[in-house]
Amino acid sequence: MTSAFMSILKRDLTLAFRQGGGIGTAIGFFLTVVVLLPLGLGPDQNLLSRIAPGALWIALLLSVLLSADKLWQADYDDGSLEVMALSDTPLEVTALAKASVHWLTSGLPLAIAAPLLGFLLNLDTALVLPLMTAMVTGSLALSLLASLGAAITVGLRQGGLLVSLLILPLYVPVMIFGVLSTSGFQTSIDNSGTSLLILAAIVLVALVVSPFASAAALRSYLR
Amino acid sequence: MSSIERFANPTRFLKLQAAVQPWVWAITIALFAIGLYLGLVRSPTDYQQGETVRIMYVHVPAAWSALMVYSVMALASIVAIVFRHPLADVAARAAAPIGACFCFLSLATGSLWGKPMWGTWWVWDARLTSMFVLFLLYLGYMAVWQAIDDPRRAARVAAIVAIVGFINVPIVKFSVDWWYSLHQPASVFRMGGPTIHKDLLMPLLVMGLAYTFLFLALHLKSMRTEIGARRIRQAELAQTGAIR
């Protein structure tokens with residue numbers, strides 16, 4: 001089972017790097033959203049500094065979600081998914097491997113890049129490290145849930161919008177605790193540690209729920 | 001054959017539904033008449049809130065029902081996934097729009113009450129936000145049914161969505177205890193008994209029961225409609241020769 005997990009991981013990472021475009025496009029999208037914010041809100045440095053953590057989180061959610069749209073699509077279209085479903089490896093393990101690949105190729109790079117791009121929004125330098133910690137943790141849940149959303153809509157032509165409607169509500173707790181764990185430094189009551197722990201708890205719940213739900217959804221498309 | 005299986009047969013269900021439906025409507029109307037009379041006429045006004053306290057009799061049961069309907073939906077979805085029972089799919093699908101309406105009603109009445117009391121239509125605190133998320137989950141669930149053509153596949157996928165979304169229900173219930181919130185904490189269903197005065201509690205409980213029966217009445221009717229719609233679809237497909 002471990003070897004199957006590793007081989008799917010290796011295959012998809014190779015595909016992601018050889019095809020290119022995926023990671024670069026996601027970061028490009030992230031950058032565009034971040035650039036649009038000051039243009040829409042006006043270049044007030046204090047305002048930008050205050051909203052920077054939240055704005056970066058929103059940009060992260062959208063980038064992860066948009067890059068997940070096609071997570072299962074290629075394998076579903078060319079029939080690889082059926083082969084994976086018929087193999088000895090449980091589809092749940094495959095789902096976990098695919099979600100891990102998505103995290104490695106888009107969640108993690110975005111989470112590392114995001115706080116650095118925060119300088120465009122006048123982000124307080126003391127917040128860069130806590131923000132990066134929260135985002136690296138939280139993006140794991142984002143990728144797991146995104147893989148679930150992509151699995152739910154894999155056989156649909158107009159899946160993109162539906163994924164957003166289904167998955168963004170589930171992103172709400174991730175974002176709330178992600179932001180709390182960063183902005184706790186700015187307020188008088190410091191509950192950032194607790195928030196980070198709750199964020200980690202959400203990741204663990206997603207880790208349990210997502211592979212099983214994704215596999216169940218995929219099976220209903222494969223019969 | 002167990003009793004559950006007996007009533008899970010669509011034809012038997014329709015027979016039962018036809019027999020029960022008028023009674024359920026009668027009880028619903030009677031409970032609403034009593035509840036609204038007690039709530040809007042008999043119950044005392046609050047010394048701080050004045051007449052606006054009466055919004056509570058519409059708002060609180062609507063919120064309870066929204067949570068209850070989602071739980072019914074999730075339970076029906078689990079039954080549908082585990083036992084593959086078509087009637088469970090029908091039950092889950094029929095519950096969603098009703099629950100969404102209850103959810104919207106509780107958000108709208110809460111907002112109307114919030115304006116004079118809190119001075120704002122809306123605050124982004126834990127209870128309100130999680131209730132709003134529940135509303136979005138209802139919409140997402142209904143969108144899945146809309147988006148997938150094959151009804152069997154739609155049922156499976158929608159059931160998964162409903163079960164995953166159920167995680168939100170306890171969050172809504174306990175949000176006011178877990179986080180500091182502008183919304184008042186639970187005052188009826190709590191450890192150590194209700195903290196609300198019995199003059200206010202009585203009409204509230206009657207209204208809660210009235211909403212439950214309203215849901216039952218609408219749900220039974222809506223399930224009948226859904227079964228009818230499926231049979232029409234089957235008949236049409238059979239006519240065109242798509243299935244035999």
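Would you confirm, using the coordinates I've provided, whether B:TYR70 is within 14 Å of another protein chain (Cβ to nearest Cβ), in contact (Cβ under 8 Å) with a residue 40 or more places away in the chain and assigned to a helix (DSSP H, G or I)?
Against the criterion (within 14 Å of another protein chain (Cβ to nearest Cβ), in contact (Cβ under 8 Å) with a residue 40 or more places away in the chain and assigned to a helix (DSSP H, G or I)), B:TYR70 qualifies.
Would you check if there is a residue in the stretch A:158-167 being open to solvent by 10 Å² or more (accessible area, probe 1.4 Å), modelled with pLDDT under 90 and away from every other protein chain (no Cβ under 14 Å)?
No.
Looking only at helices (runs of 4 or more DSSP H) that lie completely in the stretch A:68-184, which have at least 1 residues being under 13 Å from the mean Cα position of the chain (by Cα)?
Passing ranges, in order: A:91-102, A:108-117, A:128-152, A:159-183.
Kindly provide the set of residues from the stretch B:130-162 that are more than 7 Å from chain A (Cβ to nearest Cβ) and either modelled with pLDDT under 80 or open to solvent by 60 Å² or more (accessible area, probe 1.4 Å) (or both), ordered by number.
B:PHE132, B:GLN146, B:ASP149, B:ASP150, B:ARG152
Examine the stretch A:63-70 for a residue that is polar (S, T, N, Q), in contact (Cβ under 8 Å) with a residue 24 or more places away in the chain and closer than 15 Å to A:SER214 by Cβ, and state whether such a residue exists.
Checking the stretch A:63-70: not a single residue is polar (S, T, N, Q), in contact (Cβ under 8 Å) with a residue 24 or more places away in the chain and closer than 15 Å to A:SER214 by Cβ.
How many of the residues making up the stretch A:78-104 are farther than 21 Å from A:PHE17 by Cβ and charged (D, E, K, R)?
Qualifying residue count for the region: 3.
Got at least one residue in the stretch A:49-72 being among the polar types (S, T, N, Q), modelled with pLDDT of 85 or more and buried (at least 17 other Cβ atoms within 10 Å of the Cβ)?
For the stretch A:49-72, residues among the polar types (S, T, N, Q), modelled with pLDDT of 85 or more and buried (at least 17 other Cβ atoms within 10 Å of the Cβ): present.
Can you tell me which of A:LEU142, A:LEU116 is under 17 Å from A:SER106 (Cα atoms) and surrounded by fewer than 19 Cβ atoms within 10 Å (Cβ to Cβ)?
The match here is A:LEU116.
Just a yes or no: is a residue in the stretch B:98-112 free of Cβ contacts under 8 Å to residues at least 12 places away in the same chain, more than 14 Å from the chain's Cα centre (by Cα) and surrounded by fewer than 21 Cβ atoms within 10 Å (Cβ to Cβ)?
Yes.
Of the residues that sit in the stretch A:208-223 and are of a type in the set (Gly, Ala, Ser) and more than 16 Å from the chain's Cα centre (by Cα), which one is modelled with the lowest pLDDT?
A:SER220
The values are calculated or read from the model by the stated rules, or taken from the named source; none is laboratory data. Everything numeric in this text was worked out from a predicted model, so none of it was measured. Cβ coordinates were reconstructed from backbone atoms using ideal geometry, including for glycine residues, and neighbour counts include every protein chain displayed. Each accessible area value is taken on the protein alone, full model and side chains, heavy atoms only, with ligands, DNA and RNA left out. Shrake-Rupley method; radii C 1.70, N 1.55, O 1.52, S 1.80 Å.
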